[in-house]
Structures are given as C-alpha cells and as structure tokens.
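Take a look at this one; I'll ask things after.
Taken together, the values in this text are just the output of simple stated rules run on the coordinates, not laboratory data. Predicted model, so just to flag it, every value in this text is computed and none were measured. All Cβ positions, glycine included, derive from the backbone under ideal geometry; neighbour counts span all protein chains shown.
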Amino acid sequence: AEPFWNATRENITVLSDLQGWWKLCRDGADPVVADEDADFVAQALAMLPEKPWDSGTWGEWTKAVKADSGRKGRGLFMPLRKALTGMDHGPDMSHLLPLLQAVQRG
C-alpha cells in the first residue's frame, strides 16, 4: 500500500481519485497512441523488460529506447506514458511502472 500511496498522492485531489489510480494499476489502461508514434511505441514495448519491475526499470528502459530510436525528451517519454497509462499526465513513471499489473504490449 505504501508504494501505491507514494506514487499517486501528488495526483489525488479528492479521495475518489484513488479509485482511478487503483484501477489503472490493477487493470491497465486503454493505450493512447498517435498514428505517427505507432511504430515507435510497438518497438519500445517490445524492449520493455519482463516483470518484476522496480524503480530503476523506467530509466533503464527509456535509456535503451532512446539509444535505439534517437528520440529524447517529450518525444520519447510522452508516447510511452500514453501507451502505458492512457494519459498524458500522472505520477512519476519510475514509481508508477512497478505498480502496473496489466500492460498491453501491442
């Protein structure tokens, strides 16, 4: 419970917000992938290590994806966040990724 709270607390305005974050972590999200990012996201998700994930997984994974794709900054991180969470905002992905129980890999 503590890792979940630590990851999500800055993104909770009202108590009912917890339910949405819990559902995301438990059930996963409907990926949001722009047409121009589809190939990039598919390639990146293929590079996502197998579970278990920890707080270092996001950084290690995005570093490998950056080296492979040449993308950086928002062009690297935002499509991955949206593919994993269905949102363009939210908790720090290094804290959220280890909590995600269901990730669609394509």
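Glu10 to Asp27: extension gain in nm, 0.36 nm per residue of separation minus the Cα-Cα distance?
4.0 nm
If I fit a long axis through the Cα atoms of helix 38-47 and take the longest principal axis of the Cα atoms of the chain, what angle between them do I get, 0 to 90°, rounded to 10?
Its long axis makes an angle of about 80 degrees.
Based on the inverse mean of 1/r over its pairs of different Cα atoms, what is the Kirkwood hydrodynamic radius of region 2-99, in Å?
Averaging 1/r across every pair of different Cα atoms and inverting gives 14.0 Å.
Count the net charge of all other residues whose Cβ sits under 13 Å from the Cβ of His89, scoring Lys and Arg as +1 and Asp and Glu as -1.
After counting each charged neighbour, the total is -1.
Compute the acute angle (0 to 90°) between the alpha-carbon long axis of helix 17-27 and the principal axis of greatest extent of the alpha-carbon atoms of the chain; round to the nearest 10°.
50 degrees
Please give the helix 57-69 orientation as an angle from the longest Cα principal axis of the chain, in degrees from 0 to 90, rounded to the nearest 10.
20 degrees
Considering only C-alpha atoms, what is the centroid distance from region 57-83 to region 40-54, in Å?
When both Cα centres are located, 10 Å separates them.
If you rank Leu97, Leu76 by fewest surrounding Cβ atoms within 10 Å, what's the result?
Leu76, Leu97
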